Structures are given as structure tokens and as C-alpha cells.
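Below: one structure, written as C-alpha cells.
Quick note: the coordinates plus some simple rules give every number you see, no bench work behind them. Note that the structure is a prediction, hence the values are computed from the model and not measured. Neighbour counts run over all protein chains shown; Cβ positions are idealised from the backbone, glycine included.
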Amino acid sequence: MIILGGIAFCFAAFFALDIIFPFPEHKLHPATATVVYDRDHKPLRIFLPSDGARRMHTDISTISPVLIRSLIASEDGLFKYHPGVNPISALRAAVSNIKEGRIVSGASTIPMQIARMAEPKSRTMSSKLTESFRAIQLKLHHSNDELLEIYLNMLPYGGNIEGVAAASHFYFGHDPSTLSLAQSALLTTLPRGPAYYDPIRHPEQSKQGRNHVMDQLEKHGVFPTAEVERNKKVPLPTAIRPVPLKAPHFCRMALERSGSTPEIITTLDYVLQQTAEERLKNHVSRLRNDDIDNAACVIIHIPTREIRALVGSADFLEKGYGGAINLAKTKRSPGSTLKPFLYALAMDKGLMAPASFLYDIPVDYSGYSPENYNQTWSGQVEMRDALARSLNVPAVKTLARTGVPDFIDLLRKGGLTTLNKNPMEYGLPLALGGCEVKLTELTNLYASLADSGKYRPFKITPSTNDISSQLFSPEASWITLQMLSKVSRPEMNDTWMLTNDMPEAGWKTGTSFGHRDAWALGISGDYAIGVWVGNPDGRPRKGISGASHAGPLLFDLLRAASPGGKLPHQPDGAGITEIKVCAHSHQLPGPFCTERITMQTLSGKTQLTPCKYCRQIFIDPKSGFRLSGECLDRKKLERKIIRTLPAQLARWRAENNMEVPILPPLAPDCDLIPAGNAPRIISPASTTPYLLRKGTPLKYQQIGLKANAEADSGTLHWFLDGRLVNKGKFNQKLFTEAKAGKHKISVTDSLGRTDSVLFEVRGGK
């Protein structure tokens, strides 16, 4: 009874002490490094914890059974059976220690070693008792597998290397799942004396210790003699591998997204990444001869939206050129690269079709007068040509029709997170890149064009969460890609030779206002690729262009990532139809449209109006005058079909000495039945006040008089506040003086059609 009572007392005392002095569990799980892996589970970069230790966590399931057997057999053969302390070994050690009066034998079990690593103490009898108590606590609160995992992650391996995962990586270059017997024996030996058994500094001692472990394993029948002898011949590691620094910008993005977890498996294809890094570095070495410092590129796998390669700069470690800056995610002005999405939106709104006519002529929106990159004008162009040639005025006019808020909304839904201003702050310059975007997000937006118009977020880590939204119809997306695949482009005169062996691709270049950014984005096969070129500090470089400076790198990457790539097939169904339109206006044929062509439209969306420019008139064959009204009944007449032009186009052509179809003058003795549109005043504008300079005579500050007018408008008469101030043809340059104040300007053509606007003049005196 006394013995049982004593045992009960010991148990009660232990459990009381366990409650009063719980094991400091947090010391079993120190902060570990975060290891970023590529899609094939190969390490790219290791972010060390704040204490700088090369400490990598691993699960016991990923550790080679050979190492586990080696450690248990060498360190604690009865690990699975004792309560944390091996009573027999402890008794033997106690006798030896008492005889010597000091610690000469440890008898440390794996739980005792864990306790010592968690709470290091000097080697005294009292510390041994504390270790024993802590070891029993560990056995009580943890399973054997849990303790083994903790032990394997805490073992010291020299320098700042801790745990078998880090040791396996830095000594052997692979994870611990494939450790051989020789490697396992070395990792069993090293923790006993990391400095003494250091294989780099003391290879003979290290080899002797390693082979001794294998001899003991053979002696106890853990491994056969033949395997042990073969592994004794394996050479020791000769150097500790450096901390990997692959795809550094991408890995930093992965860390920012995932947090400091022990491991991050990413989407990166390191083979493709190496190719992208090499090609980009080669191009940048040439660009620097042209005063352009750096570049970035992104390659996205369209079906999964996984980033397979991302190069943030030519050299991460290069200080002089902003190498550490991830230029793939910095905010930059996109130039013309948003135009494809603008035209896709316009098609989905039914405002135009690929062959619809747009007008590339000077325009003024309350003082905003966009120009083309080459400072020339093309007049009437098809929408697909306006996009292929990256003309600015047609894009601005298209944005005016679609509306800035709707376009902003579309871009935001497409993942452009940088558009955080009010739509009115962006205004019409948005069509030409009057905003900031990130290369990663812009490249992913281009991927939507090859994904039936669907937006899906790009991925850095694999995920089955495939949230998507429809940005464009599949038909508008496909047509836009077809327009972007047009081969002949004026801006590519110097670099087109580089694309001769390119896969089938749709691509777009862009150059920001102020000569700071050059862009090139392309789609081929399963990949969307984006390239940015410029100076990280925002320094302008006059003459920089997407075509000349970013395009060659894009084409190089397209060939590497997608050899033989194709563009998507036309969407199934009847979403795209071909209809007959007037060959002159590309609108629905009217009764006098004698020539017709076939044009692609979006079924149920494209809204075309009947042609009003192919007109029937009646001519007096003798005088050549046009007949109208009652003259049609009393005079001999000749029927004639004439093709006129929109007033704004006719005015521009006339001002540039180009042929403009003009209606014959009306016979003076005919009653007039006015038809057609009245002139439309474009200057002076009602939206912009005119400022007079002090001390300058009014005759040197005259206001231009301009109006768009029909071909039959004849002479335009201009009235300022009811007083005739000038007259002339619609293409003549006319002016008038105006004093400070509010005024009304009116214009009347020869047929009596009129238009008026109010405007204001300020300053003067």
C-alpha cells in the first residue's frame, strides 16, 4: 500500500507540476523561412526569418524513411515505447554520473533532446532532471509522429542551418524525401557536433562519423552490408549551396499575396522564366545604347490565367538601373494599348462594325485637340484600319460615343485596379492612355480577348477558384483579335522583318505621352505576353516607341513561348453575320446606293442607319442647274445619282485641296424645298470662354468662324449679335472681332438653313 501510495503521489505531483509549469510550446515552432517553389516544386527563392536562420519546415510525411530509421536507431532505439525517458539508460547514466561527480553520460532520448533544444541549459544534474520532466511532458501531450517532426525540424546542422529540410537543401540540393543512406547517415552525425563533423572544413572527421553511423546501422541489422559498403563510397558535399534567388520579383509578389507560410507553390514555369530573362536581358543591353535603361515582361497562360513567367527588370541586383524595382507591377501610362477594348465595347454597344467608317481629321473638344503619333491625317478610314494603324482621333471620337463612364467601368471590371479617379477626371484623353496601369493587369486584360471575352484574375499560385465575368461578347473579342492580327502596319516599317517567322498572333503597341513608356502586348496560342520598356525613374526619352523598342522583345518572346501558335477560331453560332451595305458609306443601302459590298456585323447588336450620302438629283440638261420643287413639273430634266460626303469630312478635304463632291447650284427660277441638315457651328465653341490679351488690338485677336455644312450649302453668311460680319464657302478661313461679353453667333447657308450658338469673351481693355 505504501508503494502504491507513493506511485499515486508521484503521478499527482507530476500532473500538478505539468499544470503549474506547462511546456513552452511556442519554442517548438520557431519562425521558419518561406520557400517559394515553381510549378514543378523546385525552390526559387528562400525568404529567411527575422533571426536569419536557414530554417525550413517540413512535414514528417515528406522525409525519407531512411533518415527516420537512421536517427531512431542511432539516437533513441526505444523511442516509440518509453514515456519520454528511457529508465534503463537513465539509471546507467545516473550511476556513472554519481561516480564521477559530473555529467559524463547523457542517456538523452529524442524528447529530452527536444527539451534541451527548446530550453538550452548548462550540463548539470539539475538541468538533466528538468530535461527529464520536460521530456515526459512532451510524450504526454504529443504523438510519436508529432515529436519526430518537431525533432527533425529543430536539429542543428552547423552555422545557421536548422532542421533536416534546410540541411538537405543546402548540403545536397534537394528536399529530404529523396535522401540516400549516405546522406541520412551524415545528417544523423552532424547534430552531435556541427563544427566537429563539418563536411566542408573537416571532411575526414565527418566521413569517419558518417561511416560509423552506417556501421552501427549494419550491426543492428537496420541496413544490409552491401548497401552500407556502397554508400561509404559516396563523396561528401564540398560546399554549402547559396540561398536561391531565382525569379526574385515574382517570388516577392508570391510572398506578398500568400504571407509568411512555410512554403508557397507557384505557377511559374522556370524553364520559360529563364528564357524570358535571357531574351529580356539581351534586348536591354541594346536599349541602353539608346538611353533606355530597363524593361519588364509578363507571360500568362490563357486557359488557366497562371503567370508562367515574370521578369521585373533586367537584373534584380543591379543598383544603377533600378534593378530591384518590379517594373511589371509599377503604374505607368499605357499609351494606345487600351484602344482594342474601346473598339470591342463600341461593337458590343452596336455603335459600329469592323468596316464602319470613322474620320481621322482634326477635332476640338473644348480645347482638347488630339493628334496622331506621326502628326498626319488619313481622312475616312475603316474602324479596323483605325485600330491597326493606332489612329488617335477615331479612338477619341469612339470614346465620346461610348461614354467615358462605361469605358472606365469596363476596364475596372477587367482587373485594372489603378483607375481610381472619377471618370470626368480622365475624360477623353483616356482613349490615348491618359491613366496609369500595371503590366501584369494589362496583360491579363489582353488574355480576355482570347478567352471569349471573359475576365478572370491572373494567378500566382495554383487555384481552382475560377471566378469570371463577361467583359465582351465572344464575337466582339474574336473580331478585335482579328483586327490586331492584321499584318501590314505602317508603324512596323523598321521592325517588321523581325516578325516573319512569328506564330499567328494578335498584337498591339503603345507609346505614352511624354516619351516615357513603350509597350507591346500580344496573344498567340495559349499565351498572352506583355512587354514594357522605359526608364524606371520616369525620365523621358524622345523617340521611344512601342513598335521600335518594345515590339522586338515581344516577338522574340512569342516565338519562344508559342511556336506554331494560332489565334482562336471564330465563335460558333450566328453571332457574326455578313450583310450587304453601301460601298460608298458602309451604311445600310438606300434607294440610290448602286454599289454594295459585304460587311461583318454582330447579330442583333450592330445598328446601321440608311445611307444618306448617295442622293438622287435632277439636272437641267441645258443649263446644268439643279432642279427642285415646281421646276420638276415644267422643265425637261435629267436624273443623276451623286455621292456626297459627311460635312466634317468634306470640310477637311476642301481645306487640304482634295476633291469634294459639290451639288450643282439650284436653278434660280425654282421654288426651294429645303432638305438636308443645317450647317453646324464648330467655332466659336459655346463651352470654352475666349480670353482677350490686355493692350492688344482686337484686329489681332480675331475669332475663327468654322462650320460643317452639306455639299449644297453654298455661301455661308455669319451674323454676330444679328449683324452680318462675314460670308464665304464652308472651307474658307473666316474670322470676326468680338469685344468682351456674351455673344450670339449665327450662320445661314444659301438654302436658308441656320445654326446658332452662344459664346463668351473675357478680358481685354
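For Kirkwood radius over Cα pairs in Å, the value computed from the atomic coordinates appears in the list [x] 32.9; [y] 30.4; [z] 28.4 under label [x].
Each residue of the stretch 265-279 was assigned a 3J(HN,Hα) from its phi angle through the Karplus curve 6.51 cos²θ - 1.76 cosθ + 1.60 (θ = phi - 60°); the sequence is 8, 10, 9, 5, 9, 5, 5, 5, 4, 4, 4, 4, 4, 5, 5 Hz, with glycine and proline shown as x.
What residues have an amide H closer than 5 Å to that of Leu751, excluding those fewer than 5 places away on the same chain, when H is modeled at 1.01 Å from N in the peptide plane? Long-range HN contacts for Leu751: none found.
When the Cα positions of Ser756, Ala711, Gln208 are compared along the charge dipole of the chain, Ser756 comes out farthest toward the positive end, with charges on each C-beta of Lys, Arg, Asp and Glu. Using the Cα centre of the chain as origin and beta-carbon charges of +1 (Lys, Arg) and -1 (Asp, Glu), tell me which of Leu217, Gly173, Pro621 is placed farthest towards the positive end of the dipole. The one lying farthest along the dipole's positive direction is Pro621.
Our coupling estimate for the stretch 651-660, obtained by passing each phi through the Karplus curve with A = 6.51, B = -1.76, C = 1.60 and θ = phi - 60°, is 4, 4, 5, 5, 5, 9, 6, 9, 5, 10 Hz, Gly and Pro reported as x.
Averaging Cα coordinates gives a centre for the stretch 22-76 and one for the stretch 512-565; these two points are 42 Å apart.
Over the chain, dividing the summed -39,500 (n - 2.57) contributions of all DSSP H runs of at least 4 residues by the number of residues returns a 222 nm mean residue ellipticity of -9000 deg cm²/dmol. Close amide H pairs (under 5 Å, H built 1.01 Å from N) link Thr330 with Leu439, residues at least 5 positions away or on another chain. When the convex hull of its Cα atoms is viewed from all sides, the stretch 152-264 shows a mean projected area of 7.9 nm². Dipole magnitude for the chain: computed about the Cα centre from +1 point charges on Lys and Arg Cβ and -1 point charges on Asp and Glu Cβ, it is near 1840 debye. So how tilted is helix 474-484 from the main axis of the chain? Cα-based, degrees 0 to 90, rounded to 10. On a 0 to 90 degree scale, this one is about 80.
Reducing the stretch 132-171 and the stretch 588-653 to their Cα centroids gives an inter-centroid distance of 90 Å.
If you line up the long axis of helix 392-402 against the longest principal axis of the chain, both from Cα atoms, how many degrees apart are they, to the nearest 10? Once rounded, one gets 90 degrees.
Which value, in debye to the nearest 20, describes the size of the charge dipole of the stretch 24-232 about its Cα centre when Lys and Arg Cβ atoms bear +1, Asp and Glu Cβ atoms bear -1, and nothing else is charged?
On the way: 24 positive and 21 negative charges, 116 e Å.
Result for the stretch 24-232 is approximately 560 debye, rounded to the nearest 20.
For the stretch 193-204, the Karplus equation 6.51 cos²θ - 1.76 cosθ + 1.60, evaluated at θ = phi - 60°, returns couplings of x, x, 7, 5, 9, 4, x, 7, 8, 10, x, 5 Hz by residue, with Gly and Pro reported as x.
Please compute the length gained on full extension between Leu140 and Arg412, using 0.36 nm multiplied by the number of residues separating them and subtracting their Cα-Cα distance. If you can, show how the numbers build up before the last one.
Numbers: separation 272, 0.36 × 272 = 97.92 nm, distance 5.60 nm.
Taking 0.36 nm per residue and subtracting the Cα distance, the gain is 92.3 nm.
Not counting the cut sites, what is the longest span of the chain without GluC sites (Glu not before Pro) that DSSP labels loop and that have at most 11 other Cβ atoms within 10 Å? Looking at the chain, 1-594 is the longest stretch - no exposed GluC sites (Glu not before Pro) with at most 11 other Cβ atoms within 10 Å. Contact order, relative form, for the chain: 9 percent (alpha carbon pairs under 8 Å, 6 or more residues apart, mean separation divided by residue count). Amide H contacts of Tyr527 (H built 1.01 Å from N, in plane; Pro and chain starts excluded): Ile302 sit under 5 Å, all sequence-distant by 5 or more or on other chains.
Helix 439-449 and the longest principal axis of the Cα set of the chain meet at an angle near 60°.
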